[in-house]
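Single-structure report; data block below.
The values are calculated or read from the model by the stated rules, or taken from the named source; none is laboratory data. None of these values were measured; they are calculated from a predicted model. Cβ coordinates were reconstructed from backbone atoms using ideal geometry, including for glycine residues, and neighbour counts include every protein chain displayed. Side chains included, ligands, DNA and RNA excluded: accessible areas come from the protein's heavy atoms. Shrake-Rupley method; radii C 1.70, N 1.55, O 1.52, S 1.80 Å.
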Amino acid sequence: MEAPLHREHPSGSPASAGAEPAYWVGPRHLAGDDGRLYDTVAEALGSLGWTGLTIVRGRQELRDGEGDREVLRSTVLHVSPDTRRWAQWMLADEPFHLGGLPIAWQVSARAEPDNPLAEWSAYFTPDVPGEVLVDFLTAVDAREQPTEPCGGPELVLDAVGAHGWPRDFGDPDAGALDPTVATHVRLGELPPLIQDSDPRTLVAEVGEAGPAGWQAWAEPVPRGGYLWAASFSSSVPNDLVAAFAGSLSSTAPVLRRVFPETTRERLLRAPAM
C-alpha cells in the first residue's frame, strides 16, 4: 500500500463548511473526515489534557519567482500529561504516504518518559473519520501502560464482527471487511518506514517480511484508489487496534457537512435538526 502522492488537503475546516447544511451520515467508514481531521482530533486531545506544541522547522523565503517560494513547515505535536504518548500532525511537513495518500496524524507511545524512542507508532491519512481516530486516542490515553501487550488478533476481528463485518474468506484469522467489501482490516506485512521498536523490524533484510502489523483501508471502487488508509506498527497493543476497529465499524451515524466525492452516492443521510 505504499505509493507517492502529491495532494493538498486542508488542515482545518473548509471555508465553506459552516455554510453547508449538516447531515447525520452512515456508514461512518465511508463518511470521510468532514475536512476537519486536525480540528476534531486536536479538540479531543485538549479535553484530555494533552499539551499542544508547534515546532518550526524551516523559514519562508521568497526567491526569484513566485513558484520558488519555500513553504514554511512546522510540526504540531500534542503530548499527554505523562509524556509517554503523543500525536503529531504531519501534513505540513511533507510526510510519507500510505496507499498513495499522505499521512495526516502519527500517534506514538513509549514505556518510560525518559526513553527518547517510541515503542510503537500508528499512522492515519486524511479522510479517516475523525470520530474513529478520537476513539483510538481516548483508548490510548486511558491505558495506564500504553505499550503493554494485551490480547491477540481475535480482539480486533471480534470488534468488527460484533458490528456485522464478516471475516475475510481467504484468511479468516487475519482479516475482515465490511459487508459491501469497500473497507478492510487486515493483519500482515506492513509498508516501509513504519516505525516500531521490535528488533526484527530493524534487522529484516531487503525483501524479507518483518513482524506483522494491522492495516485498515477503504477502497470504495476496486482499483479506483483509496479513500483513506491506516497502519499500526507491530507492537501496537491489540486492544488499542480493536478500539479503532470497533469505532470504524460502528453503525452509529456521524455528523457531516462535507462528503467525499468517491462515496457521496453511497452514504445514507438524514438532515440534522
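Taking the convex hull of the alpha carbon atoms in the stretch 85-124, what volume per residue do you get, in Å³?
Numbers: hull volume 2.7 nm³, N = 40.
Taking only Cα atoms, the stretch 85-124 has a hull volume of 68 Å³ per residue.
So what is the accessible area of the stretch 165-273 per residue, in Å², with the probe set to 1.4 Å?
Details: 5580 Å² over 109 residues.
With all protein chains present, the stretch 165-273 gives 51 Å² per residue.
Please report, for the Cα atoms of the stretch 83-163, the Rg to one decimal and the Dmax as a whole number; what are they, in angstrom?
14.0, 40
Quick one: if you stick a label point 7 Å off each Cα along the C-beta vector at ALA111 and ILE55, how many nm between them?
2.3
Determine, at each q value in 0.12, 0.23 (inverse angstroms), the log₁₀ of I(q)/I(0) that the Debye formula gives when each Cα of the stretch 211-273 is one equal point scatterer.
-0.43, -1.10
Against the empirical 2.2 N^0.38 Å scaling, what ratio does the C-alpha Rg of the stretch 136-273 come to? Intermediate results must be reported in sequence, preceding the final value.
Numbers: Rg = 16.4 Å, N = 138, 2.2 N^0.38 = 14.3 Å.
Against the empirical 2.2 N^0.38 Å value, I get 1.14 for the stretch 136-273.
Check each of the trypsin sites (Lys or Arg not before Pro) in the stretch 168-273 and keep only those in coil by DSSP with at most 11 other C-beta atoms within 10 angstrom; list them in order. Working shown, then result.
Values: sites: ARG186, ARG200, ARG223, ARG256, ARG257, ARG264, ARG266, ARG269; in loops: ARG223, ARG257.
Counting only loop positions with at most 11 other Cβ atoms within 10 Å, the trypsin sites (Lys or Arg not before Pro) in the stretch 168-273 are ARG223.
Could you check the spin-label model distance between ARG223 and GLU144? Points 7 Å from the Cα along Cα→Cβ, value in nm.
5.2
If I stretch the segment between GLU154 and MET273 completely, what's the gain in nm (0.36 nm per residue apart, minus their alpha carbon distance), one decimal? Mind showing how you got there, number by number?
Details: separation 119, 0.36 × 119 = 42.84 nm, distance 3.91 nm.
Answer, rounded to one decimal: 38.9 nm.
Of the heavy-atom accessible surface of the stretch 134-206 (probe 1.4 angstrom), what whole percent is carbon and sulfur?
Numbers: 2400 of 4060 Å².
C and S atoms contribute 59 percent here.
Let me have the relative contact order for the stretch 144-273, percent, based on Cα pairs under 8 Å that are six or more residues apart. Please report the intermediate quantities before stating the final value.
On the way: 186 pairs, mean separation 35.6, N = 130.
Rounded, it is 27 percent for the stretch 144-273.
Given labels modelled 7 Å from the Cα in the Cβ direction, how far is it in nm from TRP24 to ALA212?
A separation of 3.8 nm, rounded to one decimal place.
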